[in-house]
Amino acid sequence: MNKLLPLLSLLALPCLPARAQSFTPNLPAVQTTAFRADTFSIVRHGAIPGGLTSNTAAIQQAIDACSKAGGGVVLVPRGQWLTGPIELRSNVNLHVVEGALVQFSSKMADYRLIKTNWEGLAAVRNQAQIYGKNLQNVAITGRGVLDGNGAAWHMVQKGRTPEGEWKKLVGSGGVLNEKQDRWYPTAQSLKGTTIKEAGVLTPEKQSIEDFADIKDYLRPDMLVLDNCQRLLLEGVTFQNSPAWTLHPMMSQDVVVRGVTVLNPPYSPNTDALDLESCKNGLVEGCTFNVGDDAICIKSGRNEQGRARNLPTENFLIRNCKVYRAHGGFVIGSEMSGGARNIYVQNLTFMGTDIGLRFKTTRGRGGLVENIFIDGVSMMDIPGEAILFDMYYMIKDPTPQVAGSKERPVSPAKPVDEGTPQFRGISIRNVTCSGARTAILVRGLPEMAIRNISIENAVLQSEKGLVCIEADDIRLKNVTLRPTSTNPVMEVHNSRNITLDNITYPPAATVLLRVSGAEKAQNVKLVNTNTALAKQAVELGQDVKKKAVTVSKR
């Protein structure tokens, strides 16, 4: 009988100001896993510890026997266990005890190509090291370690590798690219880099055989659970993944609790957790240190994602720590099916490239809304503490010209199904000690980023606020401590901007610069001591004075 985890009772957060929506989660209950007590040890099915003997058949036989008997626990006891890829089954809890190390094969021939999904598109990839499709009531639990042997698959960059290690790597085999600055484990791995959208299914390439010549490039994820219901990942350490680490996809009732993900700092595409088109779930008490994004919300890419039309929705994410990663908490960039009703609480980022990261681009489409974030502490962020960016992987069309108060004009494009939208996002109780930019909001000329609230924040950075192509942005009780104060806050081509009770460094050169004469409208600076700045407001060319209202304390 299924147990229920009522998210409504998990926490009760205080309400936002009357204008904003409450932070109290209004989410459906998550149906959780329940298993029979019957135990199936992999040893009884012939598994041999020691790390020398492949136990793929023995582990798979234990999983299959457990499921066939009505379900229960597949026990991986203490010891080192070598295996190839395995498939989970319904009603099975794969329990990896403390002291158990499951190491996946480094032999690429042990993995087979399958039709699956990669970065939001239908694709051919090597089957995940742990794979499940169309399952119900499935779990991986315990205090043991699962190691993906990812180094066997990864490209390595010379510039990020100590000289001695680089020489040793090159001497071990593999191939170098033309510039001799990147090492690949095989010629197939290198060949894959020369093909645009390698692995993606197209009208010209529809069969698995069409991708055989770049098989080694199509790295497997560590865990994929596709179209499954009632999932539990708890307590286990997943490390050294060849690609994405934990990837529930188009699944429902997902619980990830107390999991650790460890991947090398420069390992490519090694996201920690990718929740793609998933519905109803809880992520709590996890620790991530990876080579790409950490906690990722996705829902398909471009036309395929919009046709799928399955947003990631109804999730509570709380009490997690992220060390190195590209982004700490991330939505996008493959979010074409949308994301909504996501509550985030008590996250800590220590050294992530970007803290809170919302990314998309033209062509994605999709609507991201009703995102509530309360309690994020950050330190040592090389990029932005808070980022909303609709120009992901594209050169900024409106760069600030040195010595100029203006930005170049970026023409709008027609709004269509490929135009993405960010709106209805509330962030509060955030601190950051050290970032390049405290807050960067960069919308499209044809689609402003809308209805963003940031309240109760203390952000130390090089730059303060940069707000471009936005509408209805509200900062309240925000302390900005940028080292560059010319200006502390920049608002360009934006309207309905409220800056309420802003604290900033004394003797700042310019507190607020407003530019973009065509769109600058209803910018309010209220409850702020403007006398501390050498110049309170600086207007760009042709910006009307009435576009900005200053209400002194």
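The values are calculated or read from the model by the stated rules, or taken from the named source; none is laboratory data. Note that the structure is predicted; figures quoted are calculated from it, not measured. Glycine also receives a Cβ, built like all others from the backbone with ideal geometry; neighbour counts cover every protein chain displayed.
What the table below lists for this structure:
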| read-out | value |
| --- | --- |
| Single residue of 312, 287 found to be surrounded by fewer than 22 Cβ atoms within 10 Å (Cβ to Cβ) and among the hydroxyl-bearing types (Ser, Thr, Tyr) | 287 |
| Filtered residues of region 177-192 (kept if within 21 Å of residue 109 (Cβ to Cβ) and part of a loop (DSSP other than H, G, I, E, B)) | 185, 186 |
| Positions within region 117-129 being surrounded by fewer than 22 Cβ atoms within 10 Å (Cβ to Cβ) and assigned to a loop (DSSP other than H, G, I, E, B), in sequence order | 119, 127 |
| Breaking point among (1) closer than 15 Å to residue 481 by Cα; (2) surrounded by 23 or more Cβ atoms within 10 Å (Cβ to Cβ), for residue 462 | (2) |
| Test: residue in region 331-339 that is charged (D, E, K, R) and surrounded by fewer than 23 Cβ atoms within 10 Å (Cβ to Cβ) | no |
| Selection status of residue 101, under 28 Å from the mean Cα position of the chain (by Cα) and part of a strand (DSSP E or B) | yes |
| Residue satisfying condition, being buried (at least 24 other Cβ atoms within 10 Å of the Cβ) and of a type outside the set (Lys, Arg), within set 255, 259 | 259 |
| Residue list for region 348-383, restricted to those being part of a strand (DSSP E or B) and among the polar types (S, T, N, Q) | 348, 370, 377 |
| Selection from region 437-449 of residues that are farther than 15 Å from residue 499 by Cα, under 21 Å from the mean Cα position of the chain (by Cα) and without any contact (Cβ under 8 Å) to a residue 60 or more places away in the chain | 437, 442, 443 |
| Among residues of region 516-538, those that are crowded, with 16+ Cβ neighbours inside 10 Å and within 14 Å of residue 488 (Cα to Cα), counted | 7 |
| Residue list for region 525-540, filter: over 11 Å from residue 501 (Cα atoms) and out of contact with any Gly (no Cβ under 8 Å at 6 or more places or on another chain) | 531, 532, 533, 534, 535, 536, 537, 538, 539 |
| Members of region 130-154 that are assigned to a loop (DSSP other than H, G, I, E, B) and either free of Cβ contacts under 8 Å to residues at least 60 places away in the same chain or over 21 Å from the mean Cα position of the chain (by Cα) (or both) | 134, 135, 143, 144, 149, 153 |
| Members of region 166-187 found to be closer than 22 Å to residue 243 by Cβ and loosely packed, with under 11 Cβ neighbours inside 10 Å, listed by number | 172, 173 |
| Residue in region 387-405 that is modelled with the lowest pLDDT, counting only those that are assigned to a loop (DSSP other than H, G, I, E, B) and surrounded by 16 or more Cβ atoms within 10 Å (Cβ to Cβ) | 400 |
| Search result, residues across region 489-506 that are part of a loop (DSSP other than H, G, I, E, B) and out of contact with any Ser or Thr (no Cβ under 8 Å at 6 or more places or on another chain) | 494, 506 |
| Close pairs (6 angstrom Cβ cut-off, 6 or more residues apart or separate chains): more than 11 Å from residue 490 (Cα to Cα) in region 452-470, in a strand (DSSP E or B) and of a type in the set (Ser, Thr, Tyr) anywhere | 453/426; 458/431; 458/479; 460/433; 461/437 |
| For residue 326: the one exception among (1) more than 11 Å from the chain's Cα centre (by Cα); (2) surrounded by fewer than 24 Cβ atoms within 10 Å (Cβ to Cβ) | (1) |
| Residue among 221, 274, 253, 216 that is in contact with a Lys or Arg (Cβ under 9 Å, 6 or more places away or on another chain), in the same structural domain as residue 128 (by TED's automatic domain parsing) and part of a loop (DSSP other than H, G, I, E, B) | 221 |
| Strands (runs of 3 or more DSSP E) within region 512-553 that include 1 or more residues small (Gly, Ala, Ser) | 535-539, 548-552 |
| Qualifying residue in region 435-457 (condition: surrounded by fewer than 17 Cβ atoms within 10 Å (Cβ to Cβ), touching a Gly at 6+ places or on another chain (Cβ under 7 Å) and of a type outside the set (Gly, Ala, Ser)) | yes |
| Within region 406-429, tally of residues that are among the charged types (D, E, K, R) and either surrounded by 15 or more Cβ atoms within 10 Å (Cβ to Cβ) or within 24 Å of residue 345 (Cβ to Cβ) (or both) | 4 |
